[in-house]
Amino acid sequence: MKTLLISLILAIVLLIIIAKVHTIGKKIALYIVLIAIAAIMILPFYMMFVMATHTTNEIYSFPPAVWFGTNLVTNFKNMVASVNFPRAFVNSLIVTCSYTFLVLLFCSMGGYAFAVYEFPGKKKLFGLLLATMMIPATAGIIPWFIMMSKFSWINSFKALIIPNCANAFGIYWMRQYCKNNVPASLMEAARIDGCSEWTIFFRVIAPVLLPAYASLGIMQFVNVWNDFMQPLMILRKEKYQTLPLMLKTMVGDRGTDYGSLMLASACAVLPLLIAFLCASKFFMSGLTAGAIKE
């Protein structure tokens, strides 16, 4: 630990010296810092994939393994034997994709309405919507569970999809994007051409909202894919379990096969990485939209 601290201090001093030497030194120092931060961020994912190919004893060994092992096939067999991974994967996919689609549809419609239309009580209604964002989600977990039981939605995916498919954050996000990036002249031109309000939204406005869809969709996809509390309360039967619940069942009181657990975790993380890489271009442009005004 002492050696690591000394090395870190020396590295910081070296970066300061490089930045002071020349103008280009600042860029070099900046790139070094960014590469170091990226490596720190990537390291947990890399170690998870590495541990997925090792036995539990090898995972607990010191120093830890930093390269891929030869136990991948055995870990896969143990994982399939202990849990129904394909079923849990499909369940998570159904819940997450359905929820994300409905969020993008209803939140974009709500945000568009708040951004471009004028109607009585608009500001008060939007203020009330924002006020709900200040209430912690855990404060409403008991009323939510009572409502779901009254609706007979226990052991049903509807309880995880429908209640939050028009959430305040999504409406606020889409409203801000529409306000900054949807020109009124575009809608007026569509109305002059005889387009209905539904046609204007789905055929004219929706393509403009692609960056906002991507950024909001990624955030909602990750949140629902990783959600543990709500599925734990609602999904009692094993055939309805999502991936977070399935991963919990792999942790035993009398010992855990961490090799197969890491493999299952890696398989659970892969869809998130793929989704982010596919939408990263739109995601970044959606986050920075409206930051600069022309």
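The values are calculated or read from the model by the stated rules, or taken from the named source; none is laboratory data. Not measured: the values here are computed from a predicted model. Glycine gets a Cβ as well: all are built from the backbone with ideal geometry, and neighbour counts include every protein chain shown. Please note that ligands, DNA and RNA were not included when accessible areas were found on the heavy atoms of the full protein model with its side chains. Shrake-Rupley method; radii C 1.70, N 1.55, O 1.52, S 1.80 Å.
Considering region 222-242 alone, what residues qualify as being over 21 Å from the mean Cα position of the chain (by Cα) and part of a loop (DSSP other than H, G, I, E, B)?
Hits for region 222-242 are Leu235, Arg236, Lys237.
What number goes with the only condition from (1) at pLDDT 85 or above; (2) touching a Phe, Trp or Tyr at 6+ places or on another chain (Cβ under 9 Å); (3) over 25 Å from Thr55 (Cα atoms) that Phe282 does not pass?
(1)
For Glu197, are the conditions met, namely being charged (D, E, K, R), more than 24 Å from Met79 (Cα to Cα) and out of contact with any Leu (no Cβ under 8 Å at 6 or more places or on another chain)?
yes
Looking only at region 29-53, which residues are crowded, with 18+ Cβ neighbours inside 10 Å and at pLDDT 85 or above?
Val50, Met51, Ala52, Thr53
Would a scan of region 6-18 turn up a residue that is modelled with pLDDT of 80 or more and either under 30 Å from Val204 (Cβ atoms) or part of a helix (DSSP H, G or I) (or both)?
Within region 6-18, none of the residues are modelled with pLDDT of 80 or more and either under 30 Å from Val204 (Cβ atoms) or part of a helix (DSSP H, G or I) (or both).
Which residue pairs have Cβ atoms under 6 Å apart, sit 6 or more places apart or on different chains, and have a first residue in region 209-226 that is under 15 Å from Asn167 (Cβ atoms) and among the β-branched types (Val, Ile, Thr) and a second that is buried (at least 20 other Cβ atoms within 10 Å of the Cβ) and at pLDDT 90 or above?
Cβ pairs passing all conditions: Val224/Thr96; Val224/Tyr99.
Considering only residues that are open to solvent by 60 Å² or more (accessible area, probe 1.4 Å) and part of a helix (DSSP H, G or I), which ones fall in region 70-80?
If the condition is that a residue be open to solvent by 60 Å² or more (accessible area, probe 1.4 Å) and part of a helix (DSSP H, G or I), then Leu72, Val73, Thr74, Phe76, Lys77, Asn78, Val80 are the ones that fit.
Of all residues in region 231-258, which are in contact with an Asp or Glu (Cβ under 8 Å, 6 or more places away or on another chain) and either among the acidic types (Asp, Glu) or buried (at least 22 other Cβ atoms within 10 Å of the Cβ) (or both)?
Thr242
Can you pull out the helices (runs of 4 or more DSSP H) entirely within region 81-198 that have at least 2 residues that are among the small types (Gly, Ala, Ser) and surrounded by 11 or more Cβ atoms within 10 Å (Cβ to Cβ)?
The helices (runs of 4 or more DSSP H) meeting that bar are 85-116, 168-181, 184-192.
Cβ-Cβ distance below 8 Å, separation of 6 or more or different chains: which pairs start in region 143-169 with a residue that is more than 19 Å from Leu245 (Cβ to Cβ) and end on one that is open to solvent by 50 Å² or more (accessible area, probe 1.4 Å) and hydroxyl-bearing (Ser, Thr, Tyr)?
Taking only residues 6 or more apart or on different chains, the pairs are Ala168/Thr132.
So which of Thr242, Thr288 ends up being closer than 27 Å to Ile171 by Cβ and modelled with pLDDT of 85 or more?
When all the criteria are applied, what remains is Thr242.
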